[in-house]
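Notes follow the structure.
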Amino acid sequence: WEYRILPLPEPADAHAERRIGAPGRDGVRILHEPALGHGHTLGLNKSGAPSTCTVQGYEMTVCLDCGEVVESTILPLDLTAHTWGEWTEVTSATYLSEGLECRECTSCHAEETRVLPKLVPDEIISDPETGITLNTQQGVLPEGTTFEVDDVFDGTYFTLLNREVGNIESTMYNITPKADGENVQPDGWVLVRLPLPAGYDPANVNIYYISTETGVIERMDSYIEDGYICFQTNHFSVYAIVDASSPAETPTETPTDNGGGTSLSFFARIAAFFRSIAEWFRNLFNK
């Protein structure tokens, strides 16, 4: 504070002021001197308005008898007194990552953010035969949804995958959610848990999505937990569990007893063809 001593007001000046403090600092306190012959009666009758982030507030003390303002104080800005707008989602929370929300002060346009926690499933659909589970929240899949799991033997998918990641060990599943006998897709995220195949190295396992419509292959973010590889999706199709540390067996050409030559890869292609036929028949009779 800075203090200055001013002369008393003249008797005719009933509203003289004495300012204590310097503008631009913590605040300015103003003492209003009464006219001579009148002593103000002070009480707890203070009034005023609080400061905001852009407007300085004030406090006043008023005489109980005459209603004159005896003392007033201009308050400093309160840089924490914002007028916040509505929260707006910046990034959605998922089962694998937190989300983010933001809001803005309508006066000074300061911003505030808060973290949205990861999603937590409250509904689990399981397939006892394979051990695969779909973990989600109510309303994401229609009530009563079940799902079918088919092992994929179609050589086309293995060819697509090998072109993407090389000739390494993989296991493929086609997961199809169904409700009232019809194929359905989720309206939101589903956390999928697939048991790791025997012999797969958890430190080198990845999961890939293969579109049955376009043939596009995409590596999914995933993690290993209690012998399962876990990932999230909002669209079901063919998924491949890939062990990058285990190259698949590559048939080589071997001479026959009659001196001719044939390729074991030829027989591998024949086997893939028959597996595709078996898969076609199984899907036909399951409809």
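The values are calculated or read from the model by the stated rules, or taken from the named source; none is laboratory data. Note that the structure is predicted; figures quoted are calculated from it, not measured. Don't worry about glycine lacking a Cβ; one is built from the backbone with ideal geometry, like all the others, and counts go over all protein chains shown.
Quick notes on this one:
- Residue ID - modelled with the lowest pLDDT, chosen from residues in the range 29-73 that are touching a strand residue (DSSP E or B) at 6+ places or on another chain (Cβ under 6 Å) and acidic (D, E): E71
- Within the range 205-221, restricting attention to residues that are of a type in the set (A, V, I, L, M) and within 15 Å of N174 (Cβ to Cβ), the residue that is surrounded by the fewest Cβ atoms within 10 Å (Cβ to Cβ) is I217.
- On the stretch given as the range 147-168, residues that are modelled with pLDDT of 85 or more and in a strand (DSSP E or B) total 5.
- Residues within the range 188-213 that are under 24 Å from K118 (Cα atoms), touching a residue at least 40 places away in the same chain (Cβ under 8 Å) and hydroxyl-bearing (S, T, Y), tallied: 1
- Of the numbered criteria (1) touching a Leu at 6+ places or on another chain (Cβ under 8 Å); (2) assigned to a loop (DSSP other than H, G, I, E, B); (3) exposed (fewer than 15 other Cβ atoms within 10 Å of the Cβ), the one I224 fails is (2).
- When A203 is tested against the conditions (1) over 24 Å from S92 (Cβ atoms); (2) of a type outside the set (D, E); (3) at pLDDT below 90, the lone failure is (3).
- Residue within the range 180-202 that is under 17 Å from L96 (Cβ atoms) and of a type in the set (K, R) present: yes
- Boolean, T176 is loosely packed, with under 13 Cβ neighbours inside 10 Å and not charged (D, E, K, R): no
- Conditions (1) of a type in the set (D, E); (2) within 30 Å of V192 (Cα to Cα); (3) touching a residue at least 24 places away in the same chain (Cβ under 8 Å); number of the one not met by E71: (2)
- Qualifying residue in the range 84-98 (condition: part of a loop (DSSP other than H, G, I, E, B), exposed (fewer than 12 other Cβ atoms within 10 Å of the Cβ) and modelled with pLDDT of 90 or more): yes
- Within the set Y209, Y173, Y200, the sole residue that is touching an Asp or Glu at 6+ places or on another chain (Cβ under 8 Å) and assigned to a loop (DSSP other than H, G, I, E, B) turns out to be Y200.
- Qualifying positions in the range 209-242 - in contact with a helix residue (DSSP H, G or I) (Cβ under 6 Å, 6 or more places away or on another chain) and farther than 26 Å from G199 by Cα: G215
- Here T133 does not fit the description of being within 27 Å of I241 (Cβ to Cβ) and outside any strand (DSSP E or B).
- Any hit, the range 148-164, residues being touching a strand residue (DSSP E or B) at 6+ places or on another chain (Cβ under 7 Å) and under 23 Å from L96 (Cα atoms): no
- Top-ranked residue of the range 63-79 - restricted to ones that are surrounded by 16 or more Cβ atoms within 10 Å (Cβ to Cβ) and within 54 Å of the chain's Cα centre (by Cα), ranked as nearest to C105 (Cα to Cα): L75
- Among the residues of the range 135-159, those that are aliphatic (A, V, I, L, M) and closer than 23 Å to G199 by Cα comprise V149, V152.
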